[in-house]
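The values are calculated or read from the model by the stated rules, or taken from the named source; none is laboratory data. Values in this document were obtained by computation on a predicted structure and should not be read as measured data. Because the Cβ atoms are built from the backbone with ideal geometry, glycine has one as well, and the counts that use them run over all protein chains shown.
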Amino acid sequence: MRAVSTPRSLAALLARLRRDPRRWGAWLALAALVLGTGWVAGGWAQRHETEQRLAALRSAQELHALGLRGVIGKYGYLPAVVARQPAVRALLAQPGNPVLRDRVDEDLAEISRRADALAVYVMDPAGNALAASNAGTPESFVGRNYARRPYFTRALQGGTGLFYGVGLTTGHPGLFVAEAIRDQGQVRGVVIVKLSLDKVAATWARATDPVLLRDEHGVAFLATYPDWRYHTTRPLTPGDATALRDSEAYGHGAVLAPMPWDVRPATPAGAFVLHTRIGGRAHSFLALDQTLPDYGWTLTVMTDRDEILQVRDQAWAMAALLMALLVMAGLYWRLRERRYAEQRSARRELEQRVADRTRELQDAQAFRHAMEESLLVGMRARDMDGRIIYVNRALCQMTGYEPEELLGKRPPYPYWHPDDMEKHWSDSNASLAGRAERSGFESRVRHKAGHDVITRVYTAPLIDADGVQQGWMSSVVDITEQTCAEERQRAQEAQLQRAARLASLGEMASTLAHELNQPLMALSNFAAAAQALAEGGPPGLLVQSLQDIRAQAQRASEIVRRIRGMVRQGSGLAERFEVAEWVETVLAWLKPEIQARRVRIVLQLPPGLPALLADRVLAEQLLLNLVLNALQALDGQPPARRRIELSARVAGGRLVFSVADHGPGIAPEHAQRLFDPFFTTKADGLGLGLKICRSIAEAHGGALSWHPRPGGGAVFEFSLPLAP
Ligand code: ADP
């Protein structure tokens, strides 16, 4: 099995699409299936990846919150410890005591250094800093009032005041943790520890995913990207603005710009997608908020959303690819199946054809065998040297020899007639040289049983399938019976004719009278003329008249002789004469009648007519009678119709002559009796003319017939034998 090559399949596919545009629908559906599968898979992968990422974000959130709480918790005890210092309490009781203040400043500096705080300081209930760890430095808090800072107010209200902001004095950001110092329910002062969250920020900066911490006003104060700091994540309300201005959390008169984010909500609640640019590059993050209620802050952790989209796209591509592969595999499978089916059907067709052909050959074989067996014609095949290579049953029966006695034999063959050996040799040589007559030749053979068989042999070349002559095939017809029958029939016919002629002897007497009538009338006319001339006419004309009388007398005697001859045997004397001559003779005799009637004779003789071979006198009589009848038929016809057409043609080796007139034609009631003896419609008619004509035509092996002429008139037609 040959593998299906892709280009060929593709070309075939395109060709099929062009032929049948309905297939486009199927292809579009397949394409939609591939794309749809990719889309569904991509969606699923995106959801799955988002869930995974969200779970990771939640864990990261917990971790960051814990870290934050750890840092803040580490310093949470510190204000309480400071508040319990006897020196601090003493200073709060005597704020103006410089000794006490110096001491407290020193203590606070020591505590701050040990605790790794940015600063530790103590304020009186009015918000004035009495002592500070940084006393004596240019940034010293001592003597300043921080009453408007929120951590102070919150500490006064009880509990821990927590506040992240930029130091009013130092300008450094930090987390302020404040605690009130109480005595017998009265607030005596406030202790503040300022912490740095830089370590937390440094940890976040190292993390791969961004983290952000914002205050209750939505202002980011700690972030992985320093650029995000002190930007508002939501529009500030008037309350927020007032609070920020009053607390100066991010410095005096600081203007907070909105975060350069484009935020879209996402599921689940609390999650959102943000698009931003970092370092000039576009980024998109999936972010999750978590509020830290005890601090009033919100912690936001983010993860790169482009990676989720990448996962989605990969899944999409993989699924589409897989589906496309499946579709291709399906198509390939279908194509292969179709090809197998085609091959199967082609094989079946081939087998069927082989079976059909075999059956045809068997049938042809059986047919040939049956034909050969049933043939009455003997068949004999010989090779180019005359060796017999095939004989059929009929030939064996015809000659009395078995096939084995004939096959392989060369001339002389066993059935050759001993008396005709010479003719056999010459016939055989002529056949083998390809000179055999197509119409065959007669051959007398000697049957094995001793009797003679007369055959007719037809020979044709034996050509094989390649067109090469392999020998000669002869068909041999037994004509013994036929030859004898013909002989018998010929004898019988002569006998019959003779009987018929004898039977019509009486008829002949009348015929004689009719035929003689014409010359006798002529004799009488010429004699009358001679008589008149003898009485004083010119002697030359007398001689002419006497010659005519002699000629007519000879003619009468000739007629008698011929008719006697006819009664005796066959037609009289066959002689050779030209057609034109014969017609001219008859027309010359009839000239007076033609002229008297003003009839036009139209003679149409094709050039090169062969000569006739017939009894000339009878032939003349035949034509004379027919033209005379035609002339008589034109009596009473208008001049335009006074025309007789004489024409001749050669057909079947004989001359066919026709006499056509433009007379009234033959009435239907007369047609039947036309050739009956003594049938006439003329007052002076004898009714023997046509009868005699038919006898003459038949005596010459022909016939006389008539048919109506289209346009009026009658056509009489007869045939006479031509000279070979
Ligand atoms: P006859 O001429 O003596 O009558 P025929 O045997 O020659 O005898 O003719 C028999 C009849 O056939 C004629 O009387 C005539 O009625 C008819 N006949 C012969 N030839 C023609 C012809 N050319 N046209 C019409 N009628 C014909």
Looking at residue 33, is it modelled with pLDDT under 90, more than 26 Å from residue 343 (Cβ to Cβ) and either in contact with a Leu (Cβ under 6 Å, 6 or more places away or on another chain) or part of a helix (DSSP H, G or I) (or both)? yes
Across segment 294-350, which residue is nearest to the chain's Cα centre (by Cα) among those that are of a type in the set (Ser, Thr, Tyr), at pLDDT 90 or above and under 30 Å from residue 225 (Cα atoms)? 303
In a loop (DSSP other than H, G, I, E, B) and either of a type in the set (Lys, Arg) or in contact with a helix residue (DSSP H, G or I) (Cβ under 6 Å, 6 or more places away or on another chain) (or both): does that describe residue 154? no
Among (1) within 12 Å of the ligand (Cβ to nearest atom); (2) modelled with pLDDT of 90 or more; (3) of a type in the set (S, T, N, Q) - the single one residue 695 does not satisfy: (2)
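Would you mind finding the one in 291, 237 that is among the polar types (S, T, N, Q), within 28 Å of residue 76 (Cβ to Cβ) and at pLDDT 90 or above? Working first, answer last.
Details: 237 fails: within 28 Å of residue 76 (Cβ to Cβ).
Within the list 291, 237, the selection yields 291.
In this structure, does residue 433 turn out to be free of Cβ contacts under 8 Å to residues at least 24 places away in the same chain, loosely packed, with under 13 Cβ neighbours inside 10 Å and out of contact with any Lys or Arg (no Cβ under 9 Å at 6 or more places or on another chain)? Before you say what the answer is, go through the steps one by one.
Values: free of Cβ contacts under 8 Å to residues at least 24 places away in the same chain: yes; loosely packed, with under 13 Cβ neighbours inside 10 Å: yes; out of contact with any Lys or Arg (no Cβ under 9 Å at 6 or more places or on another chain): yes.
Spelling it out, residue 433 is indeed free of Cβ contacts under 8 Å to residues at least 24 places away in the same chain, loosely packed, with under 13 Cβ neighbours inside 10 Å and out of contact with any Lys or Arg (no Cβ under 9 Å at 6 or more places or on another chain).
Which of the residues that make up segment 610-643 are part of a helix (DSSP H, G or I), over 16 Å from residue 589 (Cα atoms) and in contact with a strand residue (DSSP E or B) (Cβ under 8 Å, 6 or more places away or on another chain)? Full working, then the answer.
From segment 610-643, those part of a helix (DSSP H, G or I) are 616-633, 639-641; that's our starting set.
Still in the running and over 16 Å from residue 589 (Cα atoms): 633, 639-641.
If the condition is that a residue be part of a helix (DSSP H, G or I), over 16 Å from residue 589 (Cα atoms) and in contact with a strand residue (DSSP E or B) (Cβ under 8 Å, 6 or more places away or on another chain), then 633 is the only one that fits.
Evaluate segment 698-706: report whether one residue or more is within 10 Å of the ligand (Cβ to nearest atom), of a type outside the set (Ser, Thr, Tyr) and over 19 Å from residue 515 (Cα atoms).
Looking only at segment 698-706, we keep the residues that are within 10 Å of the ligand (Cβ to nearest atom), and these are 706.
Going one step further and asking which of them are of a type outside the set (Ser, Thr, Tyr), we end up with 706.
In the following step, the residues that additionally are over 19 Å from residue 515 (Cα atoms) were identified as 706.
The answer is yes, given that some residue of segment 698-706 is within 10 Å of the ligand (Cβ to nearest atom), of a type outside the set (Ser, Thr, Tyr) and over 19 Å from residue 515 (Cα atoms).
Please go through segment 386-397 and give me each residue that is more than 14 Å from residue 373 (Cβ to Cβ) and part of a helix (DSSP H, G or I), ordered by number. First the steps, then the outcome.
If we filter segment 386-397 for residues that are more than 14 Å from residue 373 (Cβ to Cβ), which is where we start, we get 386-389.
Passing the criteria: none in range.
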Would you say residue 716 is of a type in the set (Phe, Trp, Tyr) and within 8 Å of the ligand (Cβ to nearest atom)? yes
Do we find that residue 421 is within 16 Å of residue 377 (Cα to Cα), modelled with pLDDT of 90 or more and not in a loop (DSSP other than H, G, I, E, B) in this structure? no
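Taking residue 288, is it aliphatic (A, V, I, L, M), assigned to a strand (DSSP E or B) and over 59 Å from the mean Cα position of the chain (by Cα)? Reasoning before the result, please.
Working: aliphatic (A, V, I, L, M): yes; assigned to a strand (DSSP E or B): yes; over 59 Å from the mean Cα position of the chain (by Cα): yes.
When the stated conditions are applied, residue 288 passes them.
Looking at 621, 632, can you tell me which residue is touching a Lys or Arg at 6+ places or on another chain (Cβ under 9 Å) and near the ligand (Cβ under 8 Å from one of its atoms)?
Details: 621 fails: near the ligand (Cβ under 8 Å from one of its atoms).
Exactly one residue qualifies, and that residue is 632.
Please find, among 646, 655, 690, the residue that is more than 13 Å from the ligand (Cβ to nearest atom) and not in a loop (DSSP other than H, G, I, E, B). Step through it out loud before you land on a result.
Values: 646 fails: more than 13 Å from the ligand (Cβ to nearest atom); 690 fails: more than 13 Å from the ligand (Cβ to nearest atom).
From the options 646, 655, 690, the qualifying one is 655.
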Exactly one condition in (1) part of a loop (DSSP other than H, G, I, E, B); (2) within 11 Å of the ligand (Cβ to nearest atom); (3) without any contact (Cβ under 8 Å) to a residue 40 or more places away in the chain is false for residue 607; which is it? (2)
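Residue by residue, here is whether (1) more than 30 Å from residue 288 (Cα to Cα); (2) surrounded by 14 or more Cβ atoms within 10 Å (Cβ to Cβ) holds:
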site: 28; (1), (2): yes, no
site: 68; (1), (2): no, yes
site: 73; (1), (2): no, no
site: 84; (1), (2): yes, no
site: 117; (1), (2): yes, yes
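For (1) among the hydroxyl-bearing types (Ser, Thr, Tyr); (2) touching a residue at least 24 places away in the same chain (Cβ under 8 Å); (3) surrounded by fewer than 18 Cβ atoms within 10 Å (Cβ to Cβ), each residue gets a yes or a no:
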site: 187; (1), (2), (3): no, yes, yes
site: 210; (1), (2), (3): no, yes, no
site: 219; (1), (2), (3): no, yes, no
site: 231; (1), (2), (3): no, yes, no
site: 236; (1), (2), (3): no, no, yes
site: 239; (1), (2), (3): no, no, yes
What are the residues in segment 667-687 that are more than 6 Å from the ligand (Cβ to nearest atom) and at positive phi, if any? 678
Please list, ordered by first then second residue, the pairs with beta carbon atoms under 6 Å, 6 or more apart or interchain, first in segment 673-692 and under 10 Å from residue 629 (Cβ atoms), second part of a helix (DSSP H, G or I). 689/625
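At pLDDT 85 or above, in a helix (DSSP H, G or I) and under 26 Å from residue 267 (Cα atoms), is that true of residue 67?
Values: at pLDDT 85 or above: yes; in a helix (DSSP H, G or I): yes; under 26 Å from residue 267 (Cα atoms): no.
No: the conditions fail for residue 67.
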